[in-house]
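The values are calculated or read from the model by the stated rules, or taken from the named source; none is laboratory data. Please read all numbers here as calculations on a predicted model, not as lab measurements. Here the Cβ is made from the backbone with ideal geometry for all residues, glycine too, and neighbour counts use every protein chain on show.
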Amino acid sequence: MFDVAVLGAGPAGMAAATEAARRGGRVVLLEESPQPGGQVYRAAPPGFVVPEDADKRAGDALRAALAGSGAEIRTGHRVWGLGGGPLVPQGSPPAPFRVDALAEGAPVTLEARALVLCPGTHERIIPFPGWTLPGVIGLAAATILLKAQGVLPGRRVLVAGAGPLLYAVAAKLHKAGAEVVAMADLATRAEWARALPALAARPDLLARGAAWRAALASRSVPVLAGARVAAAEGGGALERVRIVTATGQTESFDCDALCIGHGLVPATEATRLFRAAHRYDRAAGGWVPVLDADRRTSVKLLYVAGDGGGVRGAAAAPAAGRLAALAALTDLGILSGRAHARARWRPWAEHWRAARTGAAMARMMALRPALVSAIPPETVVCRCEGVTRAEIEAALDDGAAEMNQLKQFTRCGMGPCQGRLCGEAAAELVAIRVGGREHAGFATGRMPLRPVPMEALLGEFDYADIPVPKPAPI
Amino acid sequence: MGCSTALHLARGGMQVALLDRGAICREASGVNAGTLTMQMTRAALIPYALRAHEMWLRMPEWCDGGDVLAVSCPGLSVAFTEHEAAMLEERAHFRRQAGAPIELVSGGRAMEIEPGLSDRVLLAGHCPIDGFTSAYLTGRAFRPALLNAGVALFEGRGVRGVEQAADGFTLDTVAGPLRARRIVLAGGVWLEEMAGWLGVHLPIKVLINQLVVTERIRPVMRTVLGVASGLLSLKQYANGTVLIGGGWQGIGDRARGGLAVRAENLQGNIRLAAHTVPALRDARVVRAWLGLEAETADALPAIGPIPGVPDAWIIGSVHSGYTSGPYFGKLLAQAVLGEAPELPLFPIDRLLAKELA
Amino acid sequence: MDAAPGGTILRRVSESLRIPGIARPPEVEFSFDGRPLRAPVGESLAAALMAAGVRRLGEGPGSPRAAFCMMGTCQQCLVRVEGRLVQACLTPVRAGLRVGPA
């Protein structure tokens with residue numbers, strides 16, 4: 001039995017595990033990837049030597065601290081099931097949390113008294129005609145390809161969407177030798193101007209942004225502000241992208257890759273499974289668990305740190321992780337109230353400072369309803385199940401009034417991605433009809449958290465081992 | 001059952017209001033495995049299930065186009081051990097007597113009917129007219145017909161209590177009182193509490209059934225499968241997904257609903273499935289969920305008048321009730337409309353008497 | 001005298017989607033749908049297929065499937081490796097890997 005299990009080894013998870021272990025907790029950190037780092041500080045595969053940059057240095061520092069902390073690090077663990085805590089039969093005392101994972105295809109079950117969730121985000125991509133063409137990938141996908149794999153998504157690339165990732169990807173593509181045919185930024189120049197004061201708190205980021213812009217300007221890459229992708233076109237794969245500019249004109253660009261992202265959405269599958277309280281916060285990325293200043297959820301001994309609790313960026317995440325770890329140790333009685341009070345002010349202040357910039361960036365990446373309104377009827381919204389906007393609208397006409405009902409009426413979100421890809425667009429379409437995302441709600445959290453190969457769960461068994469209960473009467 | 005009752009009452013000329021604290025068919029009827037099988041139906045209910053089977057298949061005809069994509073296909077209930085074979089023989093015998101066209105076939109013959117079946121089957125019950133629906137479509141299928149029939153649909157309108165008034169009932173709802181001449185309680189596992197509003201104590205047991213679905217895979221089976229003990233239901237839909245059920249229990253209760261899947265029961269359930277159709281080993285599990293099933297003390301339905309309360313009726317609480325649901329609703333509507341039901345109802349006096357004794 | 005080999009290198013670099021200046025482990029052979037391909041051992045299968053020009057990985061209901069999120073979320077890069085269903089973006093390349101559509 002562990003004192004604390006930390007799920008997810010991004011910056012928040014690495015810092016949470018490090019802090020909890022250093023202060024005497026028995027800690028386990030579970031991560032799906034082969035190495036700690038998360039998406040932002042994702043480490044290149046073994047044997048790959050990528051050039052140093054600020055992100056790599058930050059990631060390496062967190063990894064080094066973690067390695068020396070005494071926390072048990074379990075990478076390559078895909079968590080598919082969570083239980084215990086409040087999820088016990090009526091009248092039963094609260095149980096420790098149970099974590100079911102697959103490691104190298106074999107099942108692993110762990111127990112912990114407290115659970116710190118650091119699930120991060122997934123990328124929001126609002127569908128548009130042609131978004132399912134091979135050659136179209138996410139902005140976050142592009143950063144992983146470029147940073148961790150050293151592979152270009154294409155030779156001639158168009159970068160589109162919203163947020164700082166846009167400039168980072170365009171600059172990296174350019175530096176790596178790809179031709180950036182254009183950048184279509186949903187944000188207008190006025191929006192960036194409004195975000196500047198918050199960015200001023202982080203001169204390092206500001207300088208990096210300026211360098212990115214300069215790099216693009218030096219190659220005279222067209223940067224279209226207030227522009228959106230109208231369609232991706234091509235036969236078997238992407239050949240060109242049509243852009244609608246701020247003035248309503250259409251421009252077409254030949255390219256073999258489109259990297260597009262419309263912001264980040266906190267991953268709330270686990271907190272939904274535990275039925276923690278959530279609130280809708282558009283500026284923080286969407287539905288987020290209700291958290292106190294120390295990252296406690298409404299469920300006892302369950303904590304959320306990092307962007308999974310609301311998008312605040314990688315700089316704020318380690319401080320949030322440390323706050324969660326300190327709160328968990330205190331709630332478990334490992335840390336005294338006085339020690340907690342002494343220890344928490346520094347990460348608290350650090351988080352407050354970093355979150356200010358992070359929040360400004362998150363606002364740039366918030367969902368833009370106009371993108372959803374622009375989805376044509378015949379465009380596939382749910383890719384796993386092939387559900388179009390027209391089919392969603394028909395279900396809404398038939399009375400579907402919230403997300404679970406829409407799922408039942410259309411199968412939208414029933415496929416293997418479990419609604420992670422289509423959820424934002426679908427929920428917004430429901431929200432238009434029912435008066436807001438709060439009314440549209442969210443799909444109930446379900447196990448498994450990720451698709452699991454049946455074979456891994458089955459294990460070796462004899463028929464006689466299956467505990468078949470007494471049959472019903474005839 | 002509530003939707004079917006309301007629809008048939010409205011078509012019979014009554015002015016009907018249908019209240020649900022959430023959306024219609026969002027509980028048991030919308031989340032169950034959708035199995036239409038005689039081989040998991042209790043012998044006494046076979047005549048009802050046969051008629052309901054026909055109703056599900058013809059749903060678009062009588063439900064204004066509402067469709068749950070019902071499929072009729074052979075069903076096999078299989079035995080892997082001598083003990084199960086004996087159980088199967090006995091159970092098939094009773095069900096055949098009740099009118100279900102079930103024949104016993106060898107493992108080899110069963111594999112001809114279902115090529116996806118394991119070669120370890122000793123004996124199988126074969127029913128040529130089993131089948132399945134996409135249960136999640138049930139609410140969408142009923143809705144247009146209900147509205148066309150003039151049913152006043154009040155969704156998201158929970159009822160907190162009922163008072164008997166001089167000429168009918170006053171419902172205390174979350175959106176104010178509602179008056180009705182007659183009342184039909186169709187609340188599944190919540191019937192115990194609802195019957196309590198009228199001073200009747202009807203004990204209802206709650207089952208928390210787990211269901212599991214795979215992602216789309218190549219066709220691996222073409223029948224609806226179960227095992228002799230009844231703890232498996234297995235079918236593959238046209239879209240390629242395979243639904244695995246059978247009544248393995250998860251965590252939950254009336255108050256909180258289905259709360260959590262028990263990982264060990266998930267494993268037991270899919271082991272049974274993969275033992276029956278070996279090709280399933282290859283699939284990935286996409287989702288597991290829970291459905292609440294109600295059961296009376298004798299595991300037979302509660303359908304009929306509420307004793308001692310004129311103009312109050314009850315319908316529900318039956319093991320494998322989805323199969324027979326639309327027909328039960330039609331029967332109760334006949335009784336409420338003052339007609340003689342085609343087949344006998346299941347009055348609850350027997351369940352109350354037991355309670356008093 | 002440098003022109004010819006320099007030109008060759010330049011062309012090879014510009015044809016490859018692998019970014020120059022990164023030290024990689026040795027390349028190994030694997031296959032997709034029977035077609036032999038090469039990639040550094042340990043590279044993610046999704047990246048390796050992309051670098052090899054294999055973009056369409058299968059057919060979904062209503063649209064083709066291709067690597068999309070690269071982080072294990074979207075399930076679009078599902079392929080069959082040695083008979084098992086895996087997400088290409090979470091699977092490292094190994095020598096002799098037989099890969100096919102899911």
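Points to keep in mind about this one:
- Test: residue in the range A:360-383 that is on the phi > 0 side of the Ramachandran plot and under 24 Å from the mean Cα position of the chain (by Cα): no
- Counting only strands (runs of 3 or more DSSP E) that sit completely within the range A:131-190, those holding 3 or more residues that are more than 13 Å from every other protein chain (Cβ to nearest Cβ) and more than 19 Å from residue C:43 (Cα to Cα) correspond to A:156-161, A:179-185.
- Residue within the range A:346-365 that is hydrophobic (A, V, I, L, M, F, W, C), within 14 Å of another protein chain (Cβ to nearest Cβ) and in a loop (DSSP other than H, G, I, E, B) present: no
- Condition check for residue A:264: in contact with a strand residue (DSSP E or B) (Cβ under 6 Å, 6 or more places away or on another chain) and either acidic (Asp, Glu) or buried (at least 24 other Cβ atoms within 10 Å of the Cβ) (or both): yes
- When the strands (runs of 3 or more DSSP E) confined to the range C:62-102 are screened for residues that are facing chain A (nearest Cβ under 7 Å), those reaching at least 1 such residues are found at C:84-87.
- First in the range B:208-227 and within 12 Å of another protein chain (Cβ to nearest Cβ) and outside any loop (DSSP other than H, G, I, E, B), second anywhere and surrounded by fewer than 20 Cβ atoms within 10 Å (Cβ to Cβ) and among the acidic types (Asp, Glu), Cβ under 9 Å, 6 or more apart: B:208/B:253
- Residue match in the range A:269-286 (condition: assigned to a loop (DSSP other than H, G, I, E, B) and in contact with a Ser or Thr (Cβ under 6 Å, 6 or more places away or on another chain)): yes
- Which numbered condition residue B:287 fails, given (1) charged (D, E, K, R); (2) more than 22 Å from residue B:37 (Cβ to Cβ); (3) in a helix (DSSP H, G or I): (3)
- Exclusive hit being over 25 Å from residue B:78 (Cβ atoms), at pLDDT below 95 and surrounded by 18 or more Cβ atoms within 10 Å (Cβ to Cβ), set B:263, B:186: B:263
- Pairing each residue of the range B:1-26 that is within 18 Å of residue B:158 (Cα to Cα) and assigned to a loop (DSSP other than H, G, I, E, B) with any residue that is at pLDDT below 95 and hydroxyl-bearing (Ser, Thr, Tyr), provided the two are 6+ apart or on different chains, yields C-beta distances under 8 Å for B:1/B:29.
- Scanning the range A:259-278 for residues that are touching a Pro at 6+ places or on another chain (Cβ under 9 Å) and more than 20 Å from residue A:364 (Cα to Cα) yields A:268, A:269, A:270, A:271, A:272, A:274, A:275, A:276, A:277, A:278.
- Every test in (1) farther than 23 Å from residue C:47 by Cα; (2) aliphatic (A, V, I, L, M); (3) free of Cβ contacts under 8 Å to residues at least 40 places away in the same chain is passed by residue A:103 save one, and that test is (1).
- Members of the range B:108-131 found to be touching a residue at least 24 places away in the same chain (Cβ under 8 Å) and assigned to a helix (DSSP H, G or I), listed by number: B:110, B:113
- Residue check: residue B:77 meets all listed conditions (1) in contact with a strand residue (DSSP E or B) (Cβ under 6 Å, 6 or more places away or on another chain); (2) within 12 Å of chain A (Cβ to nearest Cβ); (3) assigned to a helix (DSSP H, G or I) but one, namely (3).
- For residue A:126, the conditions (1) within 12 Å of chain C (Cβ to nearest Cβ); (2) closer than 30 Å to residue A:238 by Cβ; (3) at pLDDT 95 or above all hold with the exception of (1).
- Conditions (1) buried (at least 16 other Cβ atoms within 10 Å of the Cβ); (2) in a helix (DSSP H, G or I); number of the one not met by residue A:338: (1)
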